[in-house]
Structure formats: C-alpha cells, structure tokens
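What follows is calculated from the coordinates using simple rules that are stated; it is not laboratory data. Since we're looking at a predicted model, the values are computed, not measured. For neighbour counting, all protein chains shown are included, and Cβ atoms are generated from backbone atoms with ideal geometry for every residue, glycine included.
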C-alpha cells in the first residue's frame with residue numbers, strides 16, 4: 001500500500017473509524033477536522049496508531065452543529 005503525504009479527516013464521536021482510515025493510508029501529515037467536543041479524542045487516536053505521523057494539526061469548530069451550517 002502506498003503511503004500518502006497528507007489526509008484531512010473528520011473526527012466524530014468515536015475514534016475507531018479515524019484509526020482505521022489513518023492506519024490504512026498511513027499519511028505523513030494529518031489534519032483533524034473536529035468540534036471542541038470531539039477534539040478530546042485526538043490524543044487517543046494518535047496513541048492507538050501502529051505508525052507515527054510526522055506531524056498533525058486540528059481545525060476546530062465551535063460545536064458539531066456549527067460545522068454543518070451552510071449559508072445560501
């Protein structure tokens with residue numbers, strides 16, 4: 001499997017789907033898109049990976065509902 005340089009992944013209420021995707025693609029850099037509530041599980045996700053990304057960051061929304069708001 002080819003390693004990817006960067007992945008943007010949405011963090012929801014559970015860590016398992018994120019761990020699966022990151023473990024599958026093994027990106028060097030990860031950007032987590034999350035709410036303040038879901039940001040708390042990012043350290044658990046990093047510890048659970050079978051590889052070490054070179055770096056990661058997060059884009060945090062005020063809350064889960066605000067990330068779904070679409071202005072028309």
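Judged by the mean number of other Cβ atoms found within 10 Å, the most tightly packed of the peptides 33-39, 43-49 leads the ranking 33-39, 43-49.
More than 13 Å apart: what percent of Cα pairs in the chain qualify?
63
Modelled this way, with points 7 Å down the Cα-to-C-beta line, the labels at residue 16 and residue 2 are 3.0 nm from one another.
Largest GNM mean-square fluctuation among 31, 14, 61, using the chain with Cα springs under 10 Å: 14.
Spin-label model, residue 48 to residue 24: label points 7 Å out along the Cα-to-beta-carbon direction sit 1.5 nm apart. Spin-label model, residue 58/residue 40: points 7 Å from Cα along the beta carbon direction are separated by 1.1 nm.
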